[in-house]
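I have placed the structure first, in the form of structure tokens, so that the comments after it can refer back to it.
The values are calculated or read from the model by the stated rules, or taken from the named source; none is laboratory data. All values derive from a computational prediction rather than experimental measurement. Positions of Cβ are backbone-derived with ideal geometry, glycine not excepted, and every protein chain shown enters the neighbour counts. Ligands, DNA and RNA are excluded from the accessible area calculation, which covers all protein heavy atoms including side chains. Shrake-Rupley method; radii C 1.70, N 1.55, O 1.52, S 1.80 Å.
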Amino acid sequence: MSTTMRSTPAIVLESRVMIRRGLVTSLRNPEAFFTAVALPVALMLLFVYVFGGAMSTDGAYVDYVLPGIILLCAGFGAGTTAAAVAHDMTNGIIDRFRSMPIAAGSVIVGHVVASMARNAIATTLVIAVALLIGWRPSAGPDGWLAAVGVLTVFVLAISWLAATVGLVARTPESANAFTMVLAFLPYVSTAFVPADTLPVALRGFAENQPMTPLIETLRGLWMGQSSTGQAAGDHAWWALGWCVVILVASAVASARLFRRRTS
């Protein structure tokens with residue numbers, strides 16, 4: 001890829017081309033997209049209709065469980081992104097890109113934006129199903145806008161982290177397997193049960209890992225209260241802080257890894 005100084009309009013145009021490429025690639029791999037959408041929906045129905053009766057929460061269990069399901073959805077989508085980046089790094093396409101006068105960063109930007117688009121569609125479908133089965137949020141326009149903002153920052157951070165994993169992995173399969181760890185973090189959080197119901201050995205981890213403040217922020221914004229009793233704003237500072245740290249670390253690491261692997 002060209003190492004000469006490039007103008008901002010040229011970089012923007014090249015990034016648009018790579019974003020379009022990422023979206024077209026997603027359309028050509030419907031199985032991965034369907035899995036990323038169908039699995040969270042199936043899990044939501046499983047928890048609500050099979051386990052929901054045994055759960056002691058205020059209101060309908062779908063009101064409690066939805067934020068965690070949405071983060072699960074983002075985690076599964078991240079696996080697709082990591083695999084796509086790893087596939088690019090191993091199938092020879094990067095060598096072809098290096099012979100063209102395009103900005104190196106546009107390749108990763110294309111994957112990240114395509115990931116965000118996939119996650120937006122998947123999240124919309126999960127929310128639609130939740131509304132059909134009885135989810136009734138109390139949020140007004142401001143609450144919805146804040147929730148969308150938090151989700152956007154989270155998906156951006158986790159997508160860039162997935163792209164970094166794809167650069168580290170040597171095969172698409174190993175990249176996808178590694179990001180499955182991200183998909184299962186919500187299980188050890190307040191996504192499905194309050195933290196005080198967990199064993200002592202897990203409670204500390206559940207209360208201090210990134211997913212819990214994200215889940216409680218969304219829960220507070222949509223339903224008017226979090227499961228911890230704290231205001232949504234208190235959780236939001238931690239949630240956004242985690243997202244910014246993950247995003248900055250992933251962006252810096254991916255830039256260095258990409259240069260190293262394409263030098």
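Observations on the structure shown:
- Local electrostatic count at GLU173 - Lys and Arg +1, Asp and Glu -1, tallied over other residues with Cβ under 15 Å: -1
- Debye intensity ratio in log₁₀ form over the Cα atoms of the range 215-263, taken at each q of 0.13, 0.22, 0.30 Å⁻¹: -0.45, -0.71, -0.96
- With a cut-off of 14 Å between beta carbons, the residues surrounding ASP234 carry a summed charge of -1, where Lys and Arg count +1 and Asp and Glu -1.
- With Cα atoms as the point set, the range 118-179 shows a radius of gyration and Dmax of 15.7, 46 Å.
- Placing a label point 7 Å from the Cα of LEU45 along the Cα-to-Cβ line, the residues of the range 121-159 whose backbone N sits under 19 Å from it are 122-136.
- Gain upon complete extension [ILE133, ARG203; 0.36 nm per residue less C-alpha separation]: 22.2 nm
- Probing with 1.4 Å while keeping every protein chain in the model, the per residue accessible area of the chain equals 49 Å².
- Projecting the Cα atoms of ALA195, GLY140, VAL165 onto the charge dipole of the range 89-215 (Cβ charges, centred on the Cα centre) puts VAL165 farthest toward the positive pole.
- Helix 30-46 axis versus longest C-alpha principal axis of the chain: approximately 10°, rounded to the nearest ten.
- Helix-only mean residue ellipticity at 222 nm for the chain, each DSSP H run of n ≥ 4 adding -39500 (n - 2.57), per residue, nearest 500: -25500 deg cm²/dmol
- Per-q log10 I(q)/I(0), the chain, q = 0.10, 0.11, 0.15 Å⁻¹ (Debye; single scatterer per alpha-carbon; no solvent): -0.52, -0.62, -1.05
- For the chain, the longest principal axis of the C-alpha atoms and the axis of helix 232-262 are separated by about 20°.
- Element breakdown for the chain at a 1.4 angstrom probe: carbon and sulfur atoms account for 68% of the accessible area.
- When +1 charges are put on Lys and Arg Cβ atoms and -1 charges on Asp and Glu Cβ atoms, the dipole computed for the chain relative to its Cα centre reaches about 1160 debye.
- Given in Å, the Rg to one decimal and the Dmax to the nearest whole number for the Cα atoms of the range 84-195 are 17.6, 54.
- The P(r) of the range 150-263 has a tail past 24 Å containing 34 percent of all C-alpha pairs.
- Between 0 and 90 degrees, the angle of helix 8-27 with respect to the longest Cα principal axis of the chain falls at about 60 degrees.
- Within-13-Å neighbourhood charge of SER254 [Cβ basis; K, R +1; D, E -1]: +3
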